[in-house]
Amino acid sequence: MRAFVEGGGKKISEKSVLNLLSTETPKALFDAANAVRKECVGDGICVYALINFSNYCRNNCLYCGMRRDNLSLTRYRMKPGEIIDAAKEACEMGYKMITLMSGEDIGYSTNSLERVVREIARECDALIFVSIGNRGRSVYERLKSAGAAGAQMRFETSSPSLFAKLKPGENFADRVNAIKLLKKLGYYLCTGFMVGLPGQSLGEIARDLIFTNAFNAQMVSTNPYVCCPQTPLAGNKNGDKELGYRVVAVSRLLCPKAMIPITIAHETLDSNAKKIGFQAGANMLMVNATPRKYVSGFALYPNMYGADRSVDYLTKEVFSSIRALGRKTLGLDELTSLFDAAG
Ligand code: 5AD
């Protein structure tokens, strides 16, 4: 595993990644990832606030409960003032990074998104990330100059045929180019994929990891698939939670300096996700800070972790888990330095 790290993971073969993913000794894999995490990014953890501001989506992904054709979902769109207030509250609670996420909703004008980002940047001492899908160059240019520091866009799967099956009407090459553009525009880039999608092989997951490497992203975010009954994939199995951690651990070995989160999907499938993930290479966690009036509407999949708790409860819970593991939360300067060093 050491050899992996020494080359920055850059020249690793698909076969070696596959071996790691299927190792019979995951404990050794997790320990190696944890050691690399400690050496390369230290003991600090970034807990960031996720504000899911709209569940309208023009896409129709087969795995996602927010797909356009799910007519049983009540749609919501937060007003600009509500988004700004939610971000300010998160900031007052101590969050140093805020992600503004929505479905691919063209119901907001570039002007209104720009105003939201500018106001949050003015009011909050935090890194602002946007996760709004493929909205084109000029939107991202304007949000960057309004003060957004990072952008999140997963490629979801690096298999063009699986992508075509799961994301009808979308084009794999377009998505990859959109992700590359974010980096070119100077954003801290977060990308990644889903683990355990119906029809996805372990070999494809190994290739997804290698593909991720090519983006030189500052943040690598993966999560297990959680089956959603209101989709054409209803009745399929959830992704394997342990494989989810293996992917986190291998991401750390391949991208030693990256910021790597444990996600809400990991927590949805496993009440021990924080403890296991933070000791398997992860150094970030997200808290769902969407106003409770809207939280259940962002229904990518059912029973999303934390939706039935207050933001205050979740915040206390995560800070106490971090302390219990002997780790600490990152301040804004430390967080910025890590992002700067990562890509
Ligand atoms: N299970 C897990 N993750 C999902 N996403 C969408 N639907 C699901 C699901 N059913 C993920 C996608 C998307 C992110 C916002 O949520 O990776 O990029």
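Read-outs throughout are calculated quantities, based only on the coordinates presented, and are distinct from any laboratory measurement. Bear in mind that the values here come from a model prediction, so they are computed numbers and not experimental data. Here Cβ is always computed from backbone atoms with ideal geometry, including for glycine, and neighbour counts include all displayed protein chains.
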Odd one out for Gly81 among (1) in contact (Cβ under 8 Å) with a residue 12 or more places away in the chain; (2) not in a loop (DSSP other than H, G, I, E, B); (3) not β-branched (Val, Ile, Thr):
(1)
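Can you name the residue in region 194-224 that is assigned to a strand (DSSP E or B) and in contact with a helix residue (DSSP H, G or I) (Cβ under 6 Å, 6 or more places away or on another chain) and is also farthest from the ligand (Cβ to nearest atom) among such residues?
Val220
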Quick check: is even one residue across region 54-64 in contact (Cβ under 8 Å) with a residue 24 or more places away in the chain, over 30 Å from Ser320 (Cβ atoms), of a type in the set (Lys, Arg) and out of contact with any His (no Cβ under 8 Å at 6 or more places or on another chain)?
yes
Take the residues in region 292-317 that are out of contact with any Phe, Trp or Tyr (no Cβ under 6 Å at 6 or more places or on another chain), assigned to a helix (DSSP H, G or I) and of a type outside the set (Phe, Trp, Tyr), then tell me which one is farthest from Ile83 (Cα to Cα).
Glu317
Lone qualifier among Leu189, Leu182, Leu100, Leu162 - being part of a helix (DSSP H, G or I), under 24 Å from Leu285 (Cβ atoms), touching a helix residue (DSSP H, G or I) at 6+ places or on another chain (Cβ under 8 Å) and not hydroxyl-bearing (Ser, Thr, Tyr):
Leu182
Across region 40-54, what is the total count of residues that are among the β-branched types (Val, Ile, Thr), more than 17 Å from Thr315 (Cβ to Cβ) and part of a strand (DSSP E or B)?
0
I'd like the residue in region 132-162 that is surrounded by fewer than 18 Cβ atoms within 10 Å (Cβ to Cβ) and of a type in the set (Ser, Thr, Tyr) and, out of all such residues, is farthest from Pro198 (Cα to Cα).
Ser145
